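Below is one structure, written out as structure tokens; the observations come after it.
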Amino acid sequence: MDDTDFDRLMQIQRMTASRIRQESEVDNKIKILDIITSLTSFKKPKVQIEEVIIEANVQGLAEAEVMATIDELKKDHLVREPEPGYISL
């Protein structure tokens with residue numbers, strides 16, 4: 001293997017790692033949206049963020065991942081925080 005082959009291999013590895021990270025972020029968004037959907041209803045349109053964190057922990061997500069994902073969902077306007085500590089679709 002020469003330097004050109006090695007450089008190409010490293011480039012492919014970086015691209016693959018980037019794509020896996022992006023897919024993981026999308027998966028986390030879907031999980032969090034599913035959790036919020038399951039915890040809300042017509043009579044209970046908002047849910048405590050702590051409830052979402054607890055349920056996400058059960059599903060294997062760390063609190064930091066949950067909070068980062070919620071922030072991304074807010075930026076994407078998929079969820080909102082109607083009052084501090086609560087979230088809704």
Item checked: the range 12-30 residues that are closer than 20 Å to residue 76 by Cα, paired with ones that are part of a helix (DSSP H, G or I) (beta carbon under 7 Å, 6 or more apart) -> 28/65; 28/69; 29/69; 29/72; 29/73
Note to self: Scan the range 19-34 and tell me whether some residue there is polar (S, T, N, Q), more than 14 Å from the chain's Cα centre (by Cα) and surrounded by 10 or more Cβ atoms within 10 Å (Cβ to Cβ).
What the structure shows: no
Next item on the list: Mind listing just one residue for me: the one in the range 52-89 that is among the small types (Gly, Ala, Ser) and closer than 17 Å to residue 30 by Cβ and, of those, surrounded by the fewest Cβ atoms within 10 Å (Cβ to Cβ)?
Entry: 60
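How about the range 35-51: which of its residues are touching a strand residue (DSSP E or B) at 6+ places or on another chain (Cβ under 8 Å), without any contact (Cβ under 8 Å) to a residue 40 or more places away in the chain and either more than 20 Å from residue 83 (Cα to Cα) or exposed (fewer than 15 other Cβ atoms within 10 Å of the Cβ) (or both)? I'd like the intermediate steps shown before the answer.
Of the range 35-51, the ones touching a strand residue (DSSP E or B) at 6+ places or on another chain (Cβ under 8 Å) are 36, 39-40, 45-49.
From what's left, without any contact (Cβ under 8 Å) to a residue 40 or more places away in the chain: 39, 48-49.
Correct list: 48 only.
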Next item on the list: Considering only the range 44-87, state which residues are touching an Asp or Glu at 6+ places or on another chain (Cβ under 8 Å) and of a type in the set (Ser, Thr, Tyr).
Entry: 69
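Throughout, read-outs are computed from the coordinates displayed, never taken from laboratory work. All figures in this text were calculated on a predicted structure; none of them were measured in a lab. Heads up, the Cβs are rebuilt from the backbone with ideal geometry, glycines too, and the neighbour counts pull from every protein chain shown.
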